[in-house]
Amino acid sequence: MSQPLHIPVLIAGGGPTGLVLAAELSRHGVPSLLAERNEHTTAFPKMDITNSASMELLRRLGVDEELRSVGVGPQFSFDVIFAPGLDGPELGRWSLPSAAEQRAAFAAVGDGSVPGEPWQRCSQAIFEAMMMDRAHRDPLVDVRQGWRLEHCVEVGGQVVAELADETGRTLTVHADYLVGCDGASSRARNQLGIGMEGPKDFLTIGLVHFRSRDLTNLHALGQFWHLFTPGGAILIAQNEIDTWTLHQDLGAQVEDPDPIGDPHDFVARSLGRPIAIDEVLASSVWRPNALLADSYGRNRILLAGDAVHTVIPTGGYGMNTGLGDAINLGWKLAAVVNGWGGPELLTSYEIERRPIGERNRNAAVENAVVHLQYRAMVDQRLITEDSAAGRTHREEIARFVADNDAENLSLGVELDVRYDDSPVVVSDGSAAPNWDRRRFVPTVRPGHHAPNVIFDDGTTLFDRFGPQFTVVDALGDPNQTALLLLEAERAGVPTRYVALTDPALTALYDHRIVLVRPDLHIAWSGTDTTNAAEIIARVRGTNTADALPVDA
């Protein structure tokens with residue numbers, strides 16, 4: 001009988017969340033074992049956008065440039081077209097800038113109200129393959145593809161897990177912590193008896209993923225990222241070369257055992273025009289859910305990604321929320337494993353991330369409702385009619401589309417992520433500004449995402465931050481910063497010092513000393529570090545006493 005493996009962190013599931021978690025742990029020097037039940041990464045397209053907040057985090061992992069090299073080129077727009085089909089007429093359009101245009105626009109702002117990275121269009125199939133290749137090359141990640149989690153239990157201060165492969169072989173793993181990143185049907189979550197609540201299987205969607213270079217037909221209305229029809233079809237341009245994905249709403253109740261039939265005919269019916277398809281890559285039926293787990297884990301068994309939140313794809317919040325989970329949990333696990341993090345760090349994970357999972361799930365539902373309203377308001381008889389009534393109807397649809405464009409214009413959803421109630425954030429006593437899903441108002445209020453700026457040479461303020469905590473000094477009082485840095489050193493908290501001297505940056509950081517966490521959230525900010533020991537104890541999870549004074 002083989003001896004069990006011992007590993008600090010066992011990750012069940014090698015999708016985007018599990019892969020990014022492994023990379024984050026490795027960045028902090030913590031080994032992990034990544035068990036993925038499938039021998040190959042996904043062939044299905046799934047997610048097709050990595051948002052700005054995720055790109056900032058991936059830049060810290062050193063992944064951003066490689067992702068952009070395998071994703072859609074920076075010159076292509078993110079335009080979304082609303083039309084009854086490829087024959088038109090165009091009823092509305094969300095004109096969304098390309099990654100190159102976003103980067104130029106962000107660089108010109110400089111007030112911290114925009115991110116330091118533009119979006120990136122990239123299919124999850126490509127993202128997973130890239131990250132899995134990196135995991136295989138990482139000496140701190142033990143990748144076991146073709147191995148699934150069968151059983152897990154916490155015993156005597158560790159997790160005992162059993163993995164199995166398709167041949168029936170088993171492997172026992174003893175881990176300090178197990179993180180279930182094993183999807184909506186998570187074995188880890190089910191082993192803990194944690195339920196999911198929310199709407200489930202409320203639609204049935206037919207999917208055809210295909211290759212075609214028939215741009216004469218596919219671009220009959222011009223280049224686009226997404227095309228939405230009032231008949232419930234969504235066409236996604238995956239790579240601006242030859243790869244496309246069609247989703248067609250089949251309704252809530254589908255009795256036909258093969259509702260897609262011939263994929264070529266299915267695509268033609270959905271889009272109103274035959275397409276010369278070179279290859280059908282995948283064809284399936286799927287059902288969207290909007291579920292949230294009752295808990296994000298217990299003790300040494302934790303959950304992340306689709307294991308705790310499944311969202312409707314509208315807005316692209318699913319994978320991006322999972323990446324936020326992975327980075328948040330990753331640095332905290334690393335801090336505990338490396339000995340300087342206290343128990344409240346892991347307690348804070350659910351407190352911080354579950355409200356964000358719920359908020360983003362609800363935002364995705366709101367986005368989906370817009371599409372349902374668009375579909376309901378379209379009168380198929382009038383949209384092509386050359387009459388005053390037809391023109392008026394098309395104008396009404398265009399106004400509705402223009403007025404309801406928040407799906408991909410929600411910096412608040414992306415960046416304004418707040419951890420106000422976290423036990424490892426030191427409140428400064430200030431009132432929280434109003435949250436607006438469309439806007440990010442830069443602030444150094446504890447719990448909020450730190451503001452970023454792009455410099456003339458293309459680097460960003462975040463590039464100067466350390467991999468662990470960063471003391472950002474916009475106060476210019478060496479005595480105050482010294483107290484905080486000395487206490488961090490005494491407690492073993494790896495900390496980098498960054499002094500701001502540019503007047504615009506010192507104003508952006510409110511002429512304060514700002515303690516920024518590895519996940520780019522603000523743990524503390526103020527001008528008086530007399531209570532440095534209490535501040536550091538709180539932010540590293542060893543002291544959650546409520547006696548810290550305001551501006552401590």
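The values are calculated or read from the model by the stated rules, or taken from the named source; none is laboratory data. Just so you know, these numbers come straight off a predicted model, no measurement behind them. No Cβ is skipped: glycine too gets one built from the backbone with ideal geometry, and neighbour counts run over all protein chains shown. Please note that ligands, DNA and RNA were not included when accessible areas were found on the heavy atoms of the full protein model with its side chains. Shrake-Rupley method; radii C 1.70, N 1.55, O 1.52, S 1.80 Å.
Segment 1-68 and segment 90-137 have Cα centres spaced 19 Å apart.
Averaging over all projection directions, find the projected area of the Cα convex hull of segment 440-508 and quote it in nm² with one decimal place.
Quarter of the Cα hull surface area: 5.4 nm².
Accessible surface calculations at 1.4 Å, restricted to protein heavy atoms, place segment 64-190 at 40 Å² per residue. Charging the Cβ of each Asp and Glu at -1 and of each Lys and Arg at +1, and nothing else, the dipole of the chain about its Cα centre rounds to 540 debye.
Note on the chain: helix-only mean residue ellipticity at 222 nm, from DSSP H runs of 4+ residues weighted -39500 (n - 2.57) and normalised by residue number, equals -9500 deg cm²/dmol. When the Cα positions of 248, 423, 299 are compared along the charge dipole of the chain, 299 comes out farthest toward the positive end, with charges on each C-beta of Lys, Arg, Asp and Glu. With q set to 0.14, 0.21 Å⁻¹, the log10 of I(q)/I(0) for segment 401-551, from the Debye formula over equal scatterers at the Cα positions, is -0.67, -1.40.
Taking packing as the residue-averaged number of other Cβ atoms within 10 angstrom, the listed peptides 532-542, 105-115, 78-88 run from highest to lowest as 532-542, 78-88, 105-115. When the Cα positions of 288, 377, 485 are compared along the charge dipole of the chain, 485 comes out farthest toward the positive end, with charges on each C-beta of Lys, Arg, Asp and Glu. Rounded to the nearest 10 square angstrom, residue 59 shows an accessible area of 60 square angstrom against a 1.4 Å probe.
Rounded to the nearest whole Å², what accessible area per residue is found for segment 359-427 with the 1.4 Å probe?
Details: 3150 Å² over 69 residues.
Result: 46 Å² per residue.
Note on residue 95: accessible area is roughly 90 Å² with a 1.4 Å probe, heavy atoms of protein only.
Extension gain, residue 269 to residue 282, is 2.9 nm, computed as 0.36 nm per intervening residue step minus the present C-alpha separation. A probe of 1.4 angstrom, applied to the heavy atoms of all protein chains, finds residue 47 with accessible area near 20 square angstrom.
Run a plain Debye calculation on segment 191-255 (Cα atoms as equal point scatterers, no solvent) and give log10 I(q)/I(0) at q = 0.11, 0.16, 0.25, 0.27 Å⁻¹, rounded to two decimals, same order as the q list. For the requested q values the scattering log ratios are -0.39, -0.65, -1.07, -1.18.
Considering all C-alpha pairs of segment 468-550, those separated by over 16 Å amount to 47%.
Before I look further, what does segment 277-350 give for accessible area per residue, probe 1.4 Å, in whole square angstrom? Don't skip to the end; give the middle numbers.
Values: 2070 Å² over 74 residues.
I get 28 Å² per residue for this part.
Each residue of segment 339-351 was assigned a 3J(HN,Hα) from its phi angle through the Karplus curve 6.51 cos²θ - 1.76 cosθ + 1.60 (θ = phi - 60°); the sequence is x, 9, x, x, x, 6, 4, 6, 4, 6, 4, 5, 4 Hz, with glycine and proline shown as x.
Please list log₁₀ I(q)/I(0) at q = 0.15, 0.19, 0.22 Å⁻¹ for segment 232-319, using the Debye equation with identical point scatterers on the alpha-carbon positions. Ignoring solvent entirely, the Cα scatterers give -0.74, -0.99, -1.17.
Expected output is a single nm value to one decimal: the length gained when fully extending between residue 432 and residue 499, i.e. 0.36 nm times separation in residues minus the C-alpha distance. What is it? Can you show the working numbers first?
Values: separation 67, 0.36 × 67 = 24.12 nm, distance 2.65 nm.
Full extension of this stretch gives 21.5 nm more.
Remark: segment 485-495, residue by residue, has Karplus-estimated 3J(HN,Hα) of 5, 5, 5, 4, 5, 4, 7, x, 8, x, 9 Hz, where x stands for each Gly or Pro and the curve is 6.51 cos²θ - 1.76 cosθ + 1.60 at θ = phi - 60°. Separation of segment 234-250 from segment 288-315 is 26 Å, based on Cα centroids.
Out of every Cα-Cα pair that segment 1-147 contains, those further apart than 19 angstrom amount to 60 percent.
By accessible area, using a 1.4 Å probe on protein heavy atoms only, the chain has 50% of its surface on carbon and sulfur. Over segment 332-378, the Kirkwood radius and the radius of gyration, each from Cα atoms, give a ratio Rg/Rh of 1.42. Rounded to the nearest Hz, the phi-derived 3J(HN,Hα) couplings of segment 67-77 under the Karplus curve 6.51 cos²θ - 1.76 cosθ + 1.60 (θ = phi - 60°) are 4, 5, 6, 9, x, 5, x, x, 8, 8, 6, where x marks glycine and proline. Across the alpha-carbon set of segment 278-430, the Rg to Rh ratio works out to 1.15, Rh being the Kirkwood radius. The charge dipole of segment 428-487, taken about the Cα centre with unit charges on the Cβ atoms of Lys, Arg (+1) and Asp, Glu (-1), comes to about 400 debye, rounded to the nearest 20.
Please state the shape class of segment 1-69: rounded when a/c is under 1.5, otherwise prolate if a/b exceeds b/c and oblate if not, all from the C-alpha gyration tensor. Here segment 1-69 falls in the oblate category. Under the rule a/c < 1.5 gives rounded, and otherwise a/b versus b/c splits prolate from oblate, where does segment 141-195 land using the Cα gyration tensor? Oblate, since a/c reaches 1.5 and b/c is not below a/b.
Considering only 235, 11, 272, and ranking their Cα positions along the charge dipole of the chain that arises from unit charges at the beta-carbon of Lys, Arg, Asp and Glu, the one farthest toward the positive end is 11. The dipole here belongs to segment 382-526: it is taken about the Cα centre, uses +1 on the Cβ of Lys and Arg and -1 on the Cβ of Asp and Glu, and is about 300 debye.
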